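The values are calculated or read from the model by the stated rules, or taken from the named source; none is laboratory data. Being a predicted model, the structure only gives us computed values, none of them experimental. Neighbour counts run over all protein chains shown; Cβ positions are idealised from the backbone, glycine included.
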2 protein chains.
Amino acid sequence: MSKSLPKRSEDYSLWYNELVKRAGLAENAAVRGCMVIKPYGYAIWEKMQQTLDGMFKRTGHQNAYFPLFVPKSLFEAEEKNAEGFAKECAVVTHYRLQTDPERPGKLRVDPNAKLEEELVVRPTSEAIIWSTYKNWIQSYRDLPLLINQWANVVRWEMRTRLFLRTAEFLWQEGHTAHATAEEALAETRQMLDVYAEFAEEWMALPVVKGVKSENERFAGALETYCIEALMQDGKALQAGTSHFLGQNFAKAFDVQFQTKEGTLEHVWGTSWGVSTRLMGALVMAHSDDEGLILPPKLAPIQVVIVPIYKTGQLDELLERIRPMQQGLLERGISVKVDDRDTERPGFKFAEWEMKGVPVRLAVGMRDLDAGTVEVARRDTKEKMNLPLADIVQSVDQLLQDIQTNIYNKAMRYREQHTTRVTTYEEFKRVLDTTAGFVLAPWDGTPETEERIKEETKATIRCLALNEPDEDGVDMLTGKPSARYAYFARAY
Amino acid sequence: MSKSLPKRSEDYSLWYNELVKRAGLAENAAVRGCMVIKPYGYAIWEKMQQTLDGMFKRTGHQNAYFPLFVPKSLFEAEEKNAEGFAKECAVVTHYRLQTDPERPGKLRVDPNAKLEEELVVRPTSEAIIWSTYKNWIQSYRDLPLLINQWANVVRWEMRTRLFLRTAEFLWQEGHTAHATAEEALAETRQMLDVYAEFAEEWMALPVVKGVKSENERFAGALETYCIEALMQDGKALQAGTSHFLGQNFAKAFDVQFQTKEGTLEHVWGTSWGVSTRLMGALVMAHSDDEGLILPPKLAPIQVVIVPIYKTGQLDELLERIRPMQQGLLERGISVKVDDRDTERPGFKFAEWEMKGVPVRLAVGMRDLDAGTVEVARRDTKEKMNLPLADIVQSVDQLLQDIQTNIYNKAMRYREQHTTRVTTYEEFKRVLDTTAGFVLAPWDGTPETEERIKEETKATIRCLALNEPDEDGVDMLTGKPSARYAYFARAY
């Protein structure tokens, strides 16, 4: 905690990297492109998992677990999916190491232990799961099949960033099968709503719900829905996707069912996922130059109590703090008393600020005698003296206020950084000044999108679901445009 | 559910395989040696996870996540560990696939995407974790470091069985670092106690706590503690292990700390784990020829209500069942009403028996009018008519009785299948008749143990912690023996 963070305004990227490390969220592993999720970071991820898992179960999904490895012949079966992921696959080719005859004490791959068929470490599990569904689905009575999996996946990325883009990451992937296209589409949209609700209610992160353009669609999907959020540097971040797979995987893996009427049809599929990338979004959306700002609903520690005392007084003070601590716990508030006798209060304050604990109580003997507590909120840095008598009630209310305030702040930021333009000059100027989302008329072709991307590094984040069709003129080609698209530079 | 299970007495192994599949717990995956854990099986595993996770947290551990891949140079660092796992490692050698020029539409490994250093898919995580701990530990203030991870691991097994031995499995692995050997040993034993408590209290599975002989020790440990359980075919199953690593990994990865006195010392380590293997133990210890028998504390569905009705009466009956259903839920009992109108009661009874639901209520209009409910317990197959008025209380009590009864039954079985012998003839005779644990004097040498294993397929499961030293004569060599060891044939 000795030196301060780089400032967002000076080097946003460096600020992010340093913050993730110094708040104890994650660090780079000894393995290229992989990360170690540290206990404090993992505690936040666990809260995300528990919340999402409950939401999945309430919408009728069950968890299961499918293998890490995908035999190459299965991986190939859905061609577009295979093509989309082939370039970033870790491949297992051998199943044994042996002592290296030329380097005593060292190991090498055993040349006699080559697999007959290579195994792909799953970059996503459609192939392995749909090859299984073939045996699980025979009749309309087996539908809908609503399964989710919590797992690790590997995509061999060349340029990695903690949480945002790592070779291995943790995620959940839902894979469902339905009797009709309508049901599958309804499921796709339902899960998008679940993700949006989670982002907004729990992460305090406003999101735009939309549908991807063809260029940005999931490989093997007919339609990809997404939620897009804005970070404090004006870049967009895709926070979750929900795919309508049509009958692509059902056909690739021959998954058919007998209808009520006795005919045989291919089932309709969806898949949807969010990952530890959400951790990156959480950090980047809310935090400041002093450290993390966590929404109370996802904070592993919601309240930290720092005792202020003279040498020798600590035990007595801790004793007097206990009822308050107990009261908070009984209200369901997670509270930590920082009783370390080796560090000074100023050090502790800075550390808990770095870790984004929403509320800090500084408590000394004199305060207790006077019946007050010094309360500091992390989001606004306000300090106030509140009566000890109803401190539990006050803190509870404060936590709710903080949750709302963080959301509102992020929403204001997004509103201020969403600009409608009609000309390409304006488009480029906004990207380089205000940044954020730029709503612009688009002629609907992949070629135009590609050209804009090459020239400006901005991509279409989505066609927002709440955006009405609107006749216009494509800012680049002058061709007719039926919709305004959300463009942005993105993570 | 159409045909019955193979009988345990006729083919125990086939009975197990069929039961695991037909109860909906797991099945073989399209990938050699891997399994798919199906929703019902995964629901039991989730209950195990939640319970264990709570126990780990209450004993001061935090969760974190470390990479799936171990670079070969790290994997090699602790020589014994590397040697022990080298023969069963899946190895990633390439990071990209490409279109196969000779087979259109097919993929092949891109020969230009060979990794400079091969990556081992973790068979266990000591190497990757201790290479990280080097940066986390500087001072005595950083100790103890108490970390757990829930993860998948891969050990390339040639002969696999669902849950018991699969190439990929799910587990938790605790990895802790301490200032002294005493503290590390205390941690090792504490976690063994946690495992034993979980096995006995939750799985209703009596276990022998002990320490492994040198031959069976974890590669890289100074001492391996274990819990050993007995299955219904008289074979033993290792249900969990807790390793005292000494300073082996600290030295291999140079993890030193500054003591309070200012000297520099290597830290002391432990690691401990249980896996989805516990699912196999749960199935094999309690179930019968009709299907699973689940201990109520781990049953995803504790009570199933089967409505008995005439055509057209179902809705009315379900309405009348609702208060009972609600009452059970409010008592914290997980209850399912099997309201399928497509299946007959007999079919439903058989299905829920196969799935091991502890208590079944069969409820018809006439029962409700008479104020009674037909209650069947899965473990003893007893049926009784109980008053509707206090059915919630009765069922709650019954669930507790079942939990106890299953444990007691397993304990009686173990007692009847634990035999003390003094001669090798007796030893071999018992193995081939009663089977189970055979307590026999052992001279303490790996050579004798190895010979016994070759001649009888029995191994030393452990030297039990509660077994006093006792002078004797090794049954095989005639050399002095200081201890009776627990021998058994094992999974």
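Odds and ends about this structure:
- B:L107 vs. criteria more than 10 Å from chain A (Cβ to nearest Cβ), on the phi < 0 side of the Ramachandran plot and touching a Leu at 6+ places or on another chain (Cβ under 8 Å): no
- A:M384 vs. criteria surrounded by fewer than 16 Cβ atoms within 10 Å (Cβ to Cβ) and either touching a helix residue (DSSP H, G or I) at 6+ places or on another chain (Cβ under 8 Å) or not assigned by TED's automatic domain parsing to the domain that holds A:T311 (or both): no
- Scanning the stretch B:32-51 turns up one or more residues that are more than 7 Å from chain A (Cβ to nearest Cβ) and over 20 Å from the mean Cα position of the chain (by Cα).
- Qualifying residue in the stretch A:110-119 (condition: at pLDDT below 95 and surrounded by fewer than 22 Cβ atoms within 10 Å (Cβ to Cβ)): no
- The numbered conditions (1) surrounded by fewer than 22 Cβ atoms within 10 Å (Cβ to Cβ); (2) assigned to a strand (DSSP E or B) are all true for B:A30 except (2).
- Screening B:T59 on (1) touching a residue at least 40 places away in the same chain (Cβ under 8 Å); (2) over 21 Å from B:I301 (Cβ atoms); (3) within 14 Å of another protein chain (Cβ to nearest Cβ); (4) surrounded by fewer than 23 Cβ atoms within 10 Å (Cβ to Cβ) shows it passes everything except condition (3).
- Flag if B:V255 is hydrophobic (A, V, I, L, M, F, W, C), within 21 Å of B:S125 (Cα to Cα), surrounded by 23 or more Cβ atoms within 10 Å (Cβ to Cβ) and more than 17 Å from the chain's Cα centre (by Cα): yes
- Unique residue being within 25 Å of B:M203 (Cβ to Cβ), surrounded by 14 or more Cβ atoms within 10 Å (Cβ to Cβ) and within 26 Å of the chain's Cα centre (by Cα) when the list is B:V395, B:V359, B:V375: B:V359
- Checking every residue in the stretch B:172-180 against the condition of being touching an Asp or Glu at 6+ places or on another chain (Cβ under 6 Å) and in the same structural domain as B:S271 (by TED's automatic domain parsing) gives at least one match.
- Within the stretch B:76-102, being more than 7 Å from chain A (Cβ to nearest Cβ), hydrophobic (A, V, I, L, M, F, W, C) and within 24 Å of A:E27 (Cα to Cα) holds for one residue alone: B:A77.
- Qualifying residue in the stretch B:218-231 (condition: more than 22 Å from B:E450 (Cα to Cα) and surrounded by fewer than 24 Cβ atoms within 10 Å (Cβ to Cβ)): no
- Filtered by the rule that a residue be in contact with a Leu (Cβ under 9 Å, 6 or more places away or on another chain) and either in the same structural domain as B:L230 (by TED's automatic domain parsing) or more than 15 Å from B:T418 (Cβ to Cβ) (or both), the stretch B:441-464 gives B:W442, B:D443, B:T448, B:R451, B:I452, B:E455, B:T456, B:K457.
- Restricted to the stretch A:382-451, the set of strands (runs of 3 or more DSSP E) holding at least 2 residues that are in contact (Cβ under 8 Å) with a residue 12 or more places away in the chain and aromatic (F, W, Y) comprises A:437-442.
- Among the residues of the stretch A:128-146, the ones that are touching a residue at least 24 places away in the same chain (Cβ under 8 Å), at the interface with chain B (Cβ under 9 Å from one of its Cβ atoms) and not polar (S, T, N, Q) come to 2 in all.
- Residue selection: A:Q172 fails the criterion of being closer than 25 Å to A:N63 by Cβ and surrounded by fewer than 18 Cβ atoms within 10 Å (Cβ to Cβ).
- Some residue of the stretch B:17-27 being closer than 24 Å to B:F349 by Cα, without any contact (Cβ under 8 Å) to a residue 24 or more places away in the chain and among the acidic types (D, E): yes
- Selected residue [hydrophobic (A, V, I, L, M, F, W, C) and within 26 Å of B:T188 (Cβ to Cβ)] from B:I460, B:I452: B:I460
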